[in-house]
Amino acid sequence: MALPNINPTKTTSWKKLKNHYKENKHIKIKDLCDDENRKEGFSIQFNDLFVDFSKNRITKETINLLVELAKEVGLQDAIEAQFTGDIINATEGRAVLHTALRSTSEEPILVDGKDIKPKIQTTLRKIRSFSNKVISGKWKGFTGKSITDIVNIGIGGSDLGPDMVVQSLKFYKNHLNTHFVSNVDGDHVSEIIKNLNPETTLFVIVSKTFTTQETITNAETIKNWFLKSATIFDIPKHFVAVSTNLEAVDNFGIDKSNVFPMWNWVGGRFSLWSAVGLSISLSVGFDNYRKLLDGAEEMDIHFRNESFAKNIPVVLALISVWYNNFYKAETEAVLPYTQYLSKLPDYLQQAIMESNGKGVDRNGNKIDYETGTIVWGSTGTNMQHAFMQLVHQGTKLIPADFIGFKEPLYDIGDHHKKLMANYYAQMDALAFGKTKEEVHLELKFSGDEAKINQLLPYKVFEGNRPSNAILFDKLTPYSLGKLIALYEHKIFTQGILWNIYSYDQFGVELGKELAKKLLSKQ
Ligand code: F6P
């Protein structure tokens, strides 16, 4: 089945939403939250995950109309089309099956008439056996020493996903040190290799196409550096590749047995669940890697089967559309309250903005409504001392996701208590603000009336700034898998609603072409 081609702004529910917006645009989160049952009606508990979306400028009617919109644009059929392997990436003529990579069900998934599940299982076994050999020290380098360092060479989806997950799961890591080289800037690769021992380093070259300028340049530089101490016969012990382009991998000199497959039905930015995640498995062990996949699968099942009003990725996608298309909010913030997730915003920037940064609809027409959100963020509490001033008192409306964990990984002193107090306080401050009267009362004790009047306007917080609380019990490989899959499905849902193709990325091509032309002239 092809995806439906429905202009969302021409639907009945969109018209109703427009009227609903006109009537309710001045609604106050504070007033909505006066209802003591508000949280119950605007939250979803899903095993170890609790999502509280009560601090938004929405009523039951808003959700109902947004759900109606999702139905009217054919979201349910689109979800089924994605999960069952239809060619929904029509501009590239491909299926989109990152969900199949983590599926443990017996349901066959056909691509070109063949079930892809067996090759996924074979690849997972290969990842497991290779990771076990390297981690246990059985895999030896060219001088007979075990591996101590892993270097992932890739860019975009072949870098950001593994890098983010390795950083996020640092608590679960083994003795191997994992590094990431991505930028074509020679200083990046130089800084990484300067402290490495070629005898004990394993290089994982990750490139779906194996033609990406940055990756091939870095891989060649590293190979030349390696060959200063070793010979070409030592390459198989130190270089492995993840790619669909077997010929190019062979030309680079990588042994066939050291190649992990990639498939064209997995998009680069959704590929950490494939062998692109090899460095994750090496860093935290295959069992933890499998748990990451299992957590994602739990979210997949929820997304595929749950009714829209109780479906976490769908609800978050709809709320985001509400702000993006009706309130005209330009950006969204992602704010994890754990240092481990410091790379999540970067990762999501590619996943979200490369997917939904499109201006032509599925009919080939130029779009005259807003699509892809701009996403940015950083970890709490650091960002409270950086950009949160603007989020609290600036002129822009910035809906924010606050990602938190009930339990810390290191339970040290009262750090976690303080961290979580800040987590909740920020959302309250954004939603409820501080009135003139409250500020006046506070200032009364500290100065004369003239000073009070001068300072008062600066100290008022208007509030009414929306946020979602995304709260897990604990940061584990399982919960991280669930979190990443949540955002993947939010992206997909929004792509369907905006009537765009989320899985191509032609917008990155022109710059690449022009850089090549400039290079050839030099
Ligand atoms: O930047 C464009 C892009 O194609 C991304 O979508 C992709 O993740 C990245 O380049 C790397 O591509 P490859 O894995 O083919 O080297």
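Here, each number is a calculation from the coordinates, and none is a lab measurement. Predicted model, so just to flag it, every value in this text is computed and none were measured. Methodologically, a virtual Cβ is constructed for each residue, glycine included, from the backbone with ideal geometry; neighbour enumeration extends over all protein chains shown.
Sorted fewest first by neighbouring Cβ atoms within 10 angstrom, E23, E442 come out as E23, E442. When the C-alpha to C-alpha distance is required to be over 19 Å, the pairs from K436/K459; K170/K482; K39/K60; K16/K366; K15/K328; K328/K434 that qualify are K16/K366; K328/K434.
For the pair region 111-169 and region 455-476, the centres of their Cα atoms are 39 angstrom apart. Computed from the C-beta positions of K366 and K138 and an R0 of 45 Å, the FRET efficiency is 0.20 to the nearest 0.05. Rounded to the nearest 500, the 222 nm mean residue ellipticity of the chain from helices alone is -13000 deg cm²/dmol, with -39,500 (n - 2.57) taken per DSSP H run of at least 4 residues. What FRET efficiency would be calculated for the residue pair S342, N305, taking the C-beta separation as r and a Förster radius of 30 Å, to the nearest 0.05? The formula returns an efficiency of 0.35 here. Bridgeable aspartates and glutamates around K512 (alpha carbons under 12 Å apart, same-chain partners fewer than 8 residues away excluded): E214.
Arranged from highest to lowest average of other beta-carbon atoms within 10 Å per residue, in what order do the peptides 342-349, 315-322 appear?
So the peptides 342-349, 315-322, ranked by packing, come out 315-322, 342-349.
Taking the square roots of five times each eigenvalue of the Cα gyration tensor of region 111-286, the equivalent ellipsoid has semi-axes of 23, 18, 17 Å, listed largest first. A simple packing score, the average count of other Cβ atoms within 10 Å per residue, orders the peptides 240-248, 255-263 as 240-248, 255-263, with the highest score first. In the chain, taking the dipole from charged Cβ atoms about the Cα centre, the farthest positive-side position among G357, N47, I235 is held by I235. Once you divide the Cα radius of gyration of the chain by 2.2 N^0.38 Å, the number left is 1.04.
Segment C33..K517, full-extension length gain: 168.5 nm, with 0.36 nm per residue of separation and the alpha-carbon distance subtracted. In straight-distance terms, cross-link reach from K18 covers every one of the aspartates and glutamates whose alpha-carbon lies under 19 Å from its own, apart from those fewer than eight places away in the same chain; here that gives E61, E68, E72, E330, D368, E370. Counting neighbouring beta carbons within 10 Å and listing from fewest to most, the residues I301, I127 come out as I301, I127.
Exposure proxy ranking for K490, K30, based on other Cβ atoms within 10 angstrom of each Cβ and starting from the fewest, stands as K30, K490. Relative contact order for the chain using alpha-carbon pairs under 8 Å, separation at least 6, rounded to a whole percent? With pairs under 8 Å counted, the relative contact order is 20 percent. Distance from the C-alpha centroid of region 366-421 to that of region 331-365: 14 Å, rounded to the whole angstrom. As a calculated quantity, the FRET efficiency between F46 and K434 at R0 = 25 Å, using C-beta atoms, amounts to about 0.15.
Take each peptide in 224-235, 270-281, count the other Cβ atoms within 10 Å of every residue, and average; sorted highest first, the result is 270-281, 224-235.
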